[in-house]
Amino acid sequence: MDGHSAAPRESTGKRIESVLLDDIAAGLLQPGERLDETKLAERFGVSRTPVREALSRLTAQGVLVAGEKRGVRVAQYSREELAQMFEAMQEIESICARLANQRLTLLGRSEIEAAQTDCRAAAEANDRIAYIRANEALHMSIYRATDNPYIFELASDFRRKTGPFRAKKLESQADLQASVRNHEDLLAKIFSGDSQVAVDGMRQHMTESFMRVLAAND
């Protein structure tokens, strides 16, 4: 009986966790912003128990941090910490680009191209939130193309933690359109027959991304 009652609560907690991750990645929840258990329970129409479970998992991932008076906040980082995180991201994403280049299947390529199509459509519609989510899906599809779940998890972890900071660099339609063009160049290199070209393309993409993130978070 206990097993049956625990399963729905677990799935509800996972759903709340997923929505909050999306909100953080899209910059709808800002670095340092406090999350209120009661308000979240009202938002999702649930008791505070699955909300507490979701917040606990996000805290364990480093996406949220424990604040004063038992509250939790979206993680906030200094410029130095962001620089260190992006340095690590650059290395991991470069590995992803190399492995994706070497192991790309027809299905993997179609998934990447579908995400880029969604990015292009969102940029044309000037839909910032849709663009940020499509951009996350694009990078996740590159991670999946590595065919290595451990690398996928490492790369995904850094994207979760840096989501609200990266979101700030995508404020205008010009920003979205520039990002689409950068993706076109990056994907051409990942789809090339040369893994070093793919690595160099990702390094350049991550360097440019980090410089825009720093400028946006001044």
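The values are calculated or read from the model by the stated rules, or taken from the named source; none is laboratory data. Computed from a predicted model, the values in this text were never measured in an experiment. Note that we place each Cβ from the backbone using ideal geometry, even for glycine, and neighbour counts take in every protein chain shown. Please note that ligands, DNA and RNA were not included when accessible areas were found on the heavy atoms of the full protein model with its side chains. Shrake-Rupley method; radii C 1.70, N 1.55, O 1.52, S 1.80 Å.
Summary table below
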read-out	value
Segments 61-73, 21-33 sorted - mean Cβ within 10 Å per residue, highest first	21-33, 61-73
In Å², nearest 10: area of GLU87 left accessible to a 1.4 Å probe	120 Å²
Inter-site label distance for ASP157 and GLU184 at 7 Å from Cα along Cβ, in nm	3.6 nm
Local electrostatic count, ALA60, Cβ distance below 12 Å [Lys/Arg +1, Asp/Glu -1]	-1
Loop-located GluC sites (Glu not before Pro) in the stretch 115-218, at most 15 other Cβ atoms within 10 Å (DSSP)	GLU171
Translational D in µm²/s for the stretch 1-127 (Stokes-Einstein at 20 °C, 1.002 mPa s, Kirkwood Rh from C-alpha pairs)	122 µm²/s
Cα gyration tensor of the stretch 27-81 - equivalent ellipsoid semi-axes, whole Å, descending	21, 11, 10
The stretch 110-159 - Debye-derived log10 I(q)/I(0), Cα point model, q = 0.18, 0.24, 0.27, 0.31 Å⁻¹	-0.55, -0.81, -0.91, -1.04
22 Å tail of the calculated P(r), the chain, as % of Cα pairs	53 percent
Residue-normalised accessible area of the stretch 87-139, given per residue in Å² at a 1.4 Å probe	47 Å²
Accessible area of the chain belonging to carbon and sulfur atoms, whole % at 1.4 Å probe	52 percent
Ellipsoid equivalent to the stretch 140-218 - semi-axes via the Cα gyration tensor, in Å	22, 17, 11
Distribution of pairwise C-alpha distances over the stretch 61-177, 5 Å bins, in %	2, 11, 17, 18, 19, 17, 10, 3, 1, 0, 0
Counted charge near LEU170, where neighbours are those whose Cβ lies closer than 10 Å (Asp, Glu -1; Lys, Arg +1)	+3
Added length on full extension, which subtracts the Cα-Cα distance from 0.36 nm per residue, ARG109 to ASP36	22.2 nm
Neighbourhood charge, 14 Å Cβ-Cβ cut-off, centred on ASP185 and excluding it, Lys, Arg +1 and Asp, Glu -1	+1
